[in-house]
1. Filtering segment 116-127 down to residues that are touching a residue at least 12 places away in the same chain (Cβ under 8 Å) and under 18 Å from residue 34 (Cα atoms), which residue is surrounded by the fewest Cβ atoms within 10 Å (Cβ to Cβ)?
2. Sort through 83, 98, 75 and tell me the only one that's farther than 15 Å from residue 162 by Cβ, touching a strand residue (DSSP E or B) at 6+ places or on another chain (Cβ under 6 Å) and not in a strand (DSSP E or B).
3. Based on this model, can you work out whether residue 34 counts as part of a helix (DSSP H, G or I) and surrounded by fewer than 20 Cβ atoms within 10 Å (Cβ to Cβ)?
4. Could you grab me the full set of residues in segment 38-66 that are in contact with a strand residue (DSSP E or B) (Cβ under 9 Å, 6 or more places away or on another chain), in a loop (DSSP other than H, G, I, E, B) and surrounded by 19 or more Cβ atoms within 10 Å (Cβ to Cβ)?
5. All but one of (1) surrounded by fewer than 18 Cβ atoms within 10 Å (Cβ to Cβ); (2) under 19 Å from residue 191 (Cβ atoms) hold for residue 69; which doesn't?
6. Being in a helix (DSSP H, G or I) and either over 20 Å from residue 170 (Cβ atoms) or touching a strand residue (DSSP E or B) at 6+ places or on another chain (Cβ under 6 Å) (or both) is the filter here; which residues of segment 108-127 pass it?
7. Which pairs do you get when a residue that is in a helix (DSSP H, G or I), found in segment 128-139, comes within reach of a residue that is surrounded by 13 or more Cβ atoms within 10 Å (Cβ to Cβ), reach meaning Cβ atoms under 6 angstrom, with the pair 6+ apart or on two chains?
8. For residue 105, state whether it is touching a strand residue (DSSP E or B) at 6+ places or on another chain (Cβ under 7 Å) and either surrounded by 19 or more Cβ atoms within 10 Å (Cβ to Cβ) or assigned to a helix (DSSP H, G or I) (or both).
């Protein structure tokens, strides 16, 4: 079933998830979490390119993380789609506790045991300093996305959010375990399409569409 076919089914909700555009910290491979980092010039260009790509489609609503990098990405998309962006704190990135503001290399050097557990994707490991565990984060994101999908049954919606949120969403729709290493891309400003059915749950329709982008980063070291 393609995107348009899924969208025509009155029992389904089609969700287009967009990761925010690039920030300076993405370029430095620095963990952002709940810290408010704005887009860089590349990120703004990506946001406008994504808006142009989506301009011809019809969406009932646009929900966005309340962090600046997501809000900045959503502004041109909202204008192109002719709808208002609705901020939601529940769509924020995972809270990385003491890792926030550090590069991956710095986090590994300063907190080797915590970094080992983070890299191993231990589901119940919560970052020191008020951070979230994968289980708590996945529960927050799964609950928020499912509530939105149920609210918009028979409709298509946009969600502008973060890489970690997209990681959870992909796993929701494919059944891939939280503890399993990520083997799928999450580029800045790419389009990711999921379908939700109240009886069958989530399914993956299309992932990491980026033909509208000149380039897009991913947190994976070799991506």
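1. My answer is 126.
2. Details: 98 fails: touching a strand residue (DSSP E or B) at 6+ places or on another chain (Cβ under 6 Å); 75 fails: touching a strand residue (DSSP E or B) at 6+ places or on another chain (Cβ under 6 Å).
Going through 83, 98, 75 in turn, just one is farther than 15 Å from residue 162 by Cβ, touching a strand residue (DSSP E or B) at 6+ places or on another chain (Cβ under 6 Å) and not in a strand (DSSP E or B): 83.
3. It is false that residue 34 is part of a helix (DSSP H, G or I) and surrounded by fewer than 20 Cβ atoms within 10 Å (Cβ to Cβ).
4. Correct list: 59 only.
5. (1)
6. Going residue by residue through segment 108-127, those that are in a helix (DSSP H, G or I) are 108-110, 112-119.
108, 109, 110, 112, 113, 114, 115, 116, 117, listed by residue number.
7. Note: pairs meeting the criteria are 134/123; 134/178; 135/123; 137/94; 138/168; 138/178.
8. Spelling it out, it is not the case that residue 105 is touching a strand residue (DSSP E or B) at 6+ places or on another chain (Cβ under 7 Å) and either surrounded by 19 or more Cβ atoms within 10 Å (Cβ to Cβ) or assigned to a helix (DSSP H, G or I) (or both).
The values are calculated or read from the model by the stated rules, or taken from the named source; none is laboratory data. Because the structure is a prediction, the values reported are computed rather than measured. Backbone-built Cβ (ideal geometry, glycine too); neighbour counts: all protein chains shown.
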